[in-house]
């Protein structure tokens, strides 16, 4: 992970919370890429839509978007495992970055974006429309 962070130009964090954030993001990316080395990130692939496609229940979505701290980490890891197992990868990892940040406005915007995209994908599937439209 340190090598990945170095190649990405991430400076050594002086705050352990920043390191924990990058550790969590690297963990999620590793779960999504799996043993096949799949590309885990695609800017146009909305996380909420991928969660819906993977079959994440509305209850799990609510847990994910309401979680904070260690609970958020556990919910994210569980959700990313589910996305990877169901083959709903890649996803927009920028949303995860925003969700795990320190700025309350950015975090709340990420929560709303995930929920909006999940429910939009649900509405499309209820109407029988492809999520790629």
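Side notes on the structure shown:
- The condition (being at pLDDT 95 or above, out of contact with any helix residue (DSSP H, G or I) (no Cβ under 8 Å at 6 or more places or on another chain) and in a helix (DSSP H, G or I)) is satisfied by just one residue among 76, 51, 62: 62.
- The set of residues in the stretch 35-51 that are surrounded by fewer than 21 Cβ atoms within 10 Å (Cβ to Cβ) and over 11 Å from residue 90 (Cα atoms) comprises 35, 36, 37.
- Verdict on residue 26 being closer than 21 Å to residue 125 by Cβ, surrounded by 14 or more Cβ atoms within 10 Å (Cβ to Cβ) and at pLDDT below 95: no
- Residues located in the stretch 52-86, provided they are closer than 17 Å to residue 107 by Cβ and surrounded by 14 or more Cβ atoms within 10 Å (Cβ to Cβ): 61, 63, 64, 65, 67, 72, 73, 75, 76, 79
The values are calculated or read from the model by the stated rules, or taken from the named source; none is laboratory data. A quick note: this is a predicted structure, and the numbers were derived from the prediction, not measured. Here Cβ is always computed from backbone atoms with ideal geometry, including for glycine, and neighbour counts include all displayed protein chains.
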